[in-house]
Amino acid sequence: MIENKIKTLRKAATVSTSHDADKLWCVIAGSEELINNAAYEAILDKERVRILCREHIANKESFITQKFDFLLLYGDVNKIRDLTSISKEQGGAYLKIAPYYTENESELLLVVGPDNHIKKFMGDCEKNHLKFTFLLEDKTTGFIETDIYLTNKMPSIIRKTIDPLFKMTDIAISTVLISVENDKERIKELVKHNKLFVIEFNKFLEED
């Protein structure tokens, strides 16, 4: 698994996402505020970039609901660079997906979720001997919003004091692009089992 990851990272390093293509796909994940800012900039320059989809994801775990947003874009490479700069400055995660991947890799899956869930998913795939190629990864460095169930039962005055302490946390969100061959349905089952969000990139391209 580790050797496979190293090989694919080396291959990815040889693939230019800014010089060999005029247009790119881009994934940005992070807090709702970050995605609002990126979406606003994309809307202002809609002749150069399109918002293909946006999802708001709420992941319940124990007494905490982790909330983050996910944005998929397609457009001019320079505009995409501007939007990824916004993501980097505000602690988001992003992937720039060059045409190389859509032309040379098999079924592409975009997987998004808490970093610990991504690691568990990867480990489950390895234990079940499921074959996939690890292509790209990035993770957030900023905060995402959380809700704490326990505070809902507390008196209002106490809740107002405690809630702000837990509303923002340093849970990392990871975005991963993988290529699968014969095990796609089993891999998708593990994605669901690990409470991750997935986009079948190839189907999305066909619809687009």
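Please treat every number below as a calculation from the coordinates, not as lab data. Model, not experiment: these values are computed from the prediction. So basically every Cβ, Gly included, is an ideal-geometry build from the backbone, and we count neighbours across all protein chains shown.
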### Message
Just to be sure I understand the model, the point goes 7 Å from the Cα along the line to the Cβ. What's the resulting Arg186 to Glu33 distance in nm?
### Response
4.4
### Query
Around Asn194, what is the net charge, scoring Lys/Arg as +1 and Asp/Glu as -1 over all other residues with Cβ under 9 Å from its Cβ?
+2
### Query
If you stretched the chain out fully between Asn202 and Ile64, how much longer would it get, using 0.36 nm times the residue separation minus the C-alpha to C-alpha distance?
46.3 nm
### Summary
Under the 7 Å Cα-to-Cβ spin-label approximation, Asp82 and His193 lie apart by a distance in nanometres of 4.5
